[in-house]
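S.K.: Mind having a look at this structure? Questions to follow.
The values are calculated or read from the model by the stated rules, or taken from the named source; none is laboratory data. Keep in mind it's a predicted model, so treat the numbers as computed, not measured. Counting neighbours? That spans all protein chains shown, and the Cβs are built from the backbone with ideal geometry, glycine included. Side chains included, ligands, DNA and RNA excluded: accessible areas come from the protein's heavy atoms. Shrake-Rupley method; radii C 1.70, N 1.55, O 1.52, S 1.80 Å.
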Amino acid sequence: MKTHNLLLLSVLLAGTAACSNAPAGPEGAKGAYARGLAALDKGLAGEARIELLNAIKAAPEDGRIRVAQARTYLMMGDGVAAQAELDRARTLRVPAADTHHLMAHALLLQNRPQDAVDEAAKAPPAHAAYAARIRGRALMVLGNNAEAGAAFDKAVAAGEKDSAVWADVARFRRATGNVAGAIGAADRAVQLNPKNVEALSLRGEITRSQYGLAAAIAWFDRALEVDPEHVPTLVERAATLGDLGRMSEMLAETRKIQTIAPNHPVAWYLQSMLAARARKFELARTLYQRTNGSLDDKPAGMLLASAIDFETGNAEQAIQRLQKLVGAQPDNARARRLLAASQWKLGDAAGTISTLRPLAERPDADAYVLTLMGQALEKQGNRDAAARYLARAAEPQNRSSTALISAQVDDAALGALRTRAAAAPGDAQLQIQLIRVLLGRGLGSEALQRARTLQAGNPGVPDAHMLVGDARGILGDHRGAADEYRKAGNLAFNEPVAMRLIEALRNSGDNAGAARVLQLFLQQNPQNVPGQILAANAYMQSGQWDGAIGVYERLRKRIGDRDATLLNNLAWAYSEKGDYGRAVPLAQKAWELDRKNPATADTYGWLLYKSGKDKAQGLALLEQAARGAPSDAQIRDHLAAARRG
């Protein structure tokens, strides 16, 4: 996360006041300079900046102080101010050779990666480690990971005991999927310098992926103990609090950020997200506009802005953003769902089908995706295909996530992909693409063989273990699949890993183990919607209606009355407690949202019949449900009972 260059006016005024009271002359400069260097060594950028401002006031022609102040601004993420100090230092006869590495860093912070690479190349051997790691970071921005890796190797060779080097190596390994390597490098960075704020914060980010949201907070707190005003850490902590559902704490954290960097875009983004969750979309738009476009090309910003547009009647604008986002991130399910909803809102059935197909073909597709796909196909006149998706929407949501319903790649394309993969055995992303296609085609044996090869060469990459697990699951080895998902979970216990592990354990008959995994996942990620739905489903299956109602009502409060499946299940839970006063209106609302779905027709019809509110309409709805899902045993039973009655 980049820190922007704006500082609170009161802080600037405080700095000016400090300068005005600073002892004049060389002796005053010497003391302030020493205190500034000491603060820098402790990672206290704000304190260092004030002391060095005092030193500059007392000795404005001392180039050494300017270099130290540039280091302070680099620590604060302010590349423009750092470059200004370095330029001034050079005019004061500080040798350029002493500042090339710092200038490269300043240029990188200004989003000038190629200039940073060129500047880093000028650094002498004395600054080789610093220059090499900045060069590596710049090459990452340029998308040249091969050269970036070589640069980080040089940085380690030149600065094996440099905490900053290992922190950057950890970032690189994490970005390239080597999670185990990233964990090791981050731990090394913290070990070498337990006060390295950036290393501590990075360890928090890695922990968030490795173990979960709650576990990450302790690392962010450790970083803020060193520097309470470290904005990147405050940003990460605020975002994590939001994901944990601790909204008041998140809001307080964003306001703290704004006292340090009043126009920091992520603070405004988080506040906008909070307003959107409260369904205050006009307020959300106003807050998002305060980011001044700085997040418009970032996935999170694009998704939030599109959601605001969709909810405020600007579906065309949402589509423009989302098409760009889906093009860049084709596996972004949230973006696909929102794009499809926007296309459907404008009557574009063909676009809706094209956008949804990769999600609808997945076995773990939810009822919303399947129903919308069915409705779009029906609008095009393809009633047979529509009926298949609508029937799937009526089924219980427990389909396997390790096998796909149908393949999207034909034989010729698969052959071409095999050829490309054979020509580039070291290209992990290409191998992953091929394995996923093989899984989609149901070619489990070949997928397993290739996945094991990938796993052997990339033991620190969670996806490698997940693919082996997926292949073993397709072949019916659910216990073996669970073992592979555990390996992935030790590196990244995220939603895809957790959901797969839970499913594999259930399929292998270990329901108690699945329940423990779900409990652990929800402890770390209490706001995770798929996890909450799994918990509610477990309550439903075991007849714990109060537990199911509690979860569904909390979800309903968060996402509103727009999810037909949620409302349908909630209606059923209330009906099982005999509370038809709540159950029937909820079932009606679910059916009105999704009239073509056999599941909503069945629930509404059965509750109308069973409660005696309208047996005739109930029977008609049950007839409709049976036509839509003729193989569903529960729907047949309900219809038979209604006919007898």
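S.K.: Being in contact with a Lys or Arg (Cβ under 7 Å, 6 or more places away or on another chain) and over 17 Å from VAL226 (Cβ atoms) is the filter; apply it to the range 167-186 and report the residue that is surrounded by the fewest Cβ atoms within 10 Å (Cβ to Cβ).
M.R.: Once the filter is applied, the top-ranked residue is GLY181.
S.K.: From the list ALA428, ALA492, which residue is in contact with a helix residue (DSSP H, G or I) (Cβ under 6 Å, 6 or more places away or on another chain), open to solvent by less than 50 Å² (accessible area, probe 1.4 Å) and under 25 Å from ASN332 (Cα atoms)?
M.R.: Unique residue meeting the criteria: ALA492.
S.K.: Could you tell me whether the range 275-286 includes any residue that is touching a Phe, Trp or Tyr at 6+ places or on another chain (Cβ under 6 Å) and without any contact (Cβ under 8 Å) to a residue 40 or more places away in the chain?
M.R.: no
S.K.: From the list ALA278, ALA333, exactly one residue is at pLDDT below 95 and either in contact with a helix residue (DSSP H, G or I) (Cβ under 8 Å, 6 or more places away or on another chain) or open to solvent by less than 10 Å² (accessible area, probe 1.4 Å) (or both). Which is it?
M.R.: The match here is ALA333.
S.K.: Continuing with the same structure: The conditions are (1) on the phi > 0 side of the Ramachandran plot; (2) assigned to a helix (DSSP H, G or I), and GLY313 fails exactly one of them. Which is it?
M.R.: Just one mismatch for GLY313, condition (2).
S.K.: If ALA68 satisfies all but one of (1) at pLDDT 95 or above; (2) open to solvent by 30 Å² or more (accessible area, probe 1.4 Å), what's the number of the condition it fails?
M.R.: ALA68 satisfies every listed condition except (2).
S.K.: Select from the range 608-645 the residues that are basic (Lys, Arg) and either in contact with a strand residue (DSSP E or B) (Cβ under 7 Å, 6 or more places away or on another chain) or more than 20 Å from THR371 (Cβ to Cβ) (or both) and write down the one among them that is surrounded by the most Cβ atoms within 10 Å (Cβ to Cβ).
M.R.: So, considering only residues that are basic (Lys, Arg) and either in contact with a strand residue (DSSP E or B) (Cβ under 7 Å, 6 or more places away or on another chain) or more than 20 Å from THR371 (Cβ to Cβ) (or both), the one surrounded by the most Cβ atoms within 10 Å (Cβ to Cβ) is LYS610.
S.K.: Would you say LYS324 is open to solvent by 30 Å² or more (accessible area, probe 1.4 Å) and either within 25 Å of GLU236 (Cβ to Cβ) or over 21 Å from the mean Cα position of the chain (by Cα) (or both)?
M.R.: Against the criterion (open to solvent by 30 Å² or more (accessible area, probe 1.4 Å) and either within 25 Å of GLU236 (Cβ to Cβ) or over 21 Å from the mean Cα position of the chain (by Cα) (or both)), LYS324 does not qualify.
S.K.: Suppose we keep only residues that are small (Gly, Ala, Ser) and either under 22 Å from ALA218 (Cα atoms) or in a helix (DSSP H, G or I) (or both) within the range 518-544. Which one would you say is most open to solvent (accessible area, probe 1.4 Å)?
M.R.: Result: ALA538.
For (1) at pLDDT 95 or above; (2) under 33 Å from the mean Cα position of the chain (by Cα); (3) part of a loop (DSSP other than H, G, I, E, B), each residue gets a yes or a no:
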position	(1), (2), (3)
MET103	yes, yes, no
ALA128	yes, no, no
GLY143	no, yes, yes
GLU147	yes, yes, no
ASP168	yes, yes, no
ALA180	no, yes, no
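S.K.: Answer with yes or no whether THR600 is within 18 Å of LEU370 (Cβ to Cβ), at pLDDT below 95 and open to solvent by 10 Å² or more (accessible area, probe 1.4 Å).
M.R.: In short, no.
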